[in-house]
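Undergrad: Before I ask anything, here is the structure I am working with.
The values are calculated or read from the model by the stated rules, or taken from the named source; none is laboratory data. All figures in this text were calculated on a predicted structure; none of them were measured in a lab. Here the Cβ positions follow ideal geometry from the backbone for every residue, glycine too, while neighbour counts run over all protein chains shown.
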Amino acid sequence: MTVTEDLSPLIPTPRDADRPTVRPGFRTAAVHAGQAPDPLTGAVIPPIYQTSTFTQPTVETLRGGYEYSRGGNPTRTGLEVQLAALEGGAHGFAFASGIAAEDALLRATLRPGDRVVSVGETYGGTHRLLSQLYSRWDVRTTFVAPDDAAARDEALADPATKLVWLESPTNPLLTVVDIDEWSRAAHAHGALLVVDNTFASPALQTPLALGADAVVHSTTKYIGGHSDVLGGALVIDDAVWEDQPLAELIRFQQFAGGAVAGPQDAFLTTRGLKTLGVRIRQHCENAQAIAEWLTGQDDVARVFYPGLPEHPTHELARRQMSGFGGIVTFQLAGGEQAARTVAESTEVFGLSVSLGGVESLISHPATMTHGSTQGTPQAPPRDVVRLSAGIEDAEDLIEDLDRALRRLR
Ligand SMILES: *Cc1c(COP(=O)(O)O)cnc(C)c1O
């Protein structure tokens, strides 16, 4: 039997990622959770443990629980503690990408023959994972519109349905979905509710508190926040799945599947996460200003932003979120060609997939992020453009969009 020498509080140990955290204010937790100064030197920033393996005092003893970095690494543990604290969960897990986190969760909970119900408007890569990869392992997904409770409940009535996948706000049309209502529906049929919280970020919405069993993140987006690192995360509470603690099932999958975050990536993600609370305010403020300005433009047929009173799920957004987020989608009166022209004409907004960084980005979802949904009912409209508002000056962003819209005339 392997025993563990207790090194805490010297360094975060793998067990620390499992301790329910007392939740101080969001920005305090963002800066301090899992980030105690180095006890050896007092370094304010804990060292980056750039190591693959750890020496042991004896064949049966581990220092602080660390053996090999796929199983655990203090830099990753620090991030996992930080993530759990910010989502208000008991356990955090960091992965090499958002898709790797999704894959680990699906493999930890499902087996061939099981069924999934997913909200129809998801991240294109999630749609691809479920419809093109898991389908080959006989895990089939029914996609339903965010407001189609009847279709959802019909799929849930199939006893093979084990998991419900939700994204809110949805991508790219930013429909806010009632997490509390979906969690009740999932739980009434014994299914797990998973919420991809990438768009809102834990600064604006904490799905576990609304009944979700698991939260997924692409930390590549708002959490990392600087477009310089790829990563993913899972945060859960003390859920039990098929008589086993869900945390154990995920930990096993993380170790055995191996798609872990490396120490440098974990460090960059932690560094980004510390400033999420202040960044998100500017993202929201800029997005609101842009959405209001776009609403008055002749070339724009419709603006999708939950912060606009006319948005169909504005009231729900007010209840469920503490801000409306940094993504704005809009439909061009001139159709697909106009959407492409605008996407290719900005100078401050970079034409790029991804979102949530300090720099503003613009994309054409139908051909870019959601290319894999082409020809399916889940394909986004071809005449919309999606913006990720960065933290630059709102006037500069609006001027840039104004210049791009004028290219249409
Ligand atoms: C980007 C994204 C993902 C996938 O994450 P990666 O880090 O790119 O693997 C999943 N969900 C949403 C909502 C995303 O925006």
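Yes/no per residue for (1) among the aromatic types (Phe, Trp, Tyr); (2) part of a loop (DSSP other than H, G, I, E, B); (3) in contact with a His (Cβ under 7 Å, 6 or more places away or on another chain):
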site: 200; (1), (2), (3): no, yes, no
site: 205; (1), (2), (3): no, yes, no
site: 223; (1), (2), (3): no, yes, yes
site: 227; (1), (2), (3): no, yes, no
site: 268; (1), (2), (3): no, no, no
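Undergrad: Separate question: It is to be established whether one or more residues within segment 246-263 are assigned to a strand (DSSP E or B) and not hydrophobic (A, V, I, L, M, F, W, C).
TA: no
Undergrad: What's the number of the condition residue 316 fails, among (1) crowded, with 21+ Cβ neighbours inside 10 Å; (2) under 19 Å from residue 167 (Cβ atoms); (3) more than 16 Å from the ligand (Cβ to nearest atom)?
TA: For residue 316, the failing item is (1).
Undergrad: Given the criteria surrounded by fewer than 21 Cβ atoms within 10 Å (Cβ to Cβ), under 15 Å from the mean Cα position of the chain (by Cα) and in contact (Cβ under 8 Å) with a residue 24 or more places away in the chain, does residue 218 qualify?
TA: No, not satisfied.
Undergrad: Search segment 335-355 for residues being within 15 Å of residue 226 (Cα to Cα) and of a type in the set (S, T, N, Q), and hand back the single one that is farthest from the ligand (Cβ to nearest atom).
TA: 352
Undergrad: Picking from 256, 233, 266, which residue would you name as being without any contact (Cβ under 8 Å) to a residue 12 or more places away in the chain and among the aliphatic types (A, V, I, L, M)?
TA: Unique residue meeting the criteria: 256.
Undergrad: Within 16 Å of the ligand (Cβ to nearest atom) and either more than 20 Å from the chain's Cα centre (by Cα) or assigned by TED's automatic domain parsing to the domain that holds residue 77 (or both): is that true of residue 232 in this structure?
TA: In short, yes.
Undergrad: Let me ask another. Could you check segment 297-326 and list, in sequence order, the residues that are part of a loop (DSSP other than H, G, I, E, B) and small (Gly, Ala, Ser)?
TA: Quick first cut of segment 297-326, residues part of a loop (DSSP other than H, G, I, E, B) only: 297-299, 305-313, 321-326.
Scanning segment 297-326 gives 307, 322, 323, 325, 326.
Undergrad: Taking into account only those residues within segment 291-313 that are out of contact with any helix residue (DSSP H, G or I) (no Cβ under 6 Å at 6 or more places or on another chain) and crowded, with 18+ Cβ neighbours inside 10 Å, which is farthest from residue 178 (Cα to Cα)?
TA: Once the filter is applied, the top-ranked residue is 294.
Undergrad: Which of (1) touching a Cys at 6+ places or on another chain (Cβ under 9 Å); (2) within 8 Å of the ligand (Cβ to nearest atom) does residue 204 not meet, given it meets every other one?
TA: (2)
Undergrad: Of all helices (runs of 4 or more DSSP H) completely enclosed by segment 95-193, which ones contain at least 2 residues that are within 25 Å of residue 305 (Cα to Cα), in the same structural domain as residue 269 (by TED's automatic domain parsing) and more than 14 Å from the ligand (Cβ to nearest atom)?
TA: 149-156, 179-188
Undergrad: Same structure, new question: Scan segment 267-280 and tell me whether some residue there is among the polar types (S, T, N, Q) and surrounded by 20 or more Cβ atoms within 10 Å (Cβ to Cβ).
TA: Yes, there is a match, as at least one residue in segment 267-280 is among the polar types (S, T, N, Q) and surrounded by 20 or more Cβ atoms within 10 Å (Cβ to Cβ).
For every residue, the table says whether it meets (1) farther than 28 Å from residue 147 by Cβ; (2) of a type in the set (Val, Ile, Thr); (3) not assigned by TED's automatic domain parsing to the domain that holds residue 227.
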residue: 321; (1), (2), (3): no, no, yes
residue: 326; (1), (2), (3): no, no, yes
residue: 337; (1), (2), (3): yes, no, yes
residue: 348; (1), (2), (3): yes, yes, yes
residue: 355; (1), (2), (3): no, no, yes
residue: 365; (1), (2), (3): no, no, yes
residue: 372; (1), (2), (3): no, no, yes
residue: 379; (1), (2), (3): no, no, yes
residue: 394; (1), (2), (3): yes, no, yes
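Undergrad: What number of residues within segment 297-337 are in contact with a Pro (Cβ under 9 Å, 6 or more places away or on another chain) and at positive phi?
TA: Of the residues in that region, 1 qualify.
Undergrad: Among the residues in segment 95-116, are any on the phi > 0 side of the Ramachandran plot and in contact (Cβ under 8 Å) with a residue 60 or more places away in the chain?
TA: No - not one qualifying residue is present in segment 95-116.
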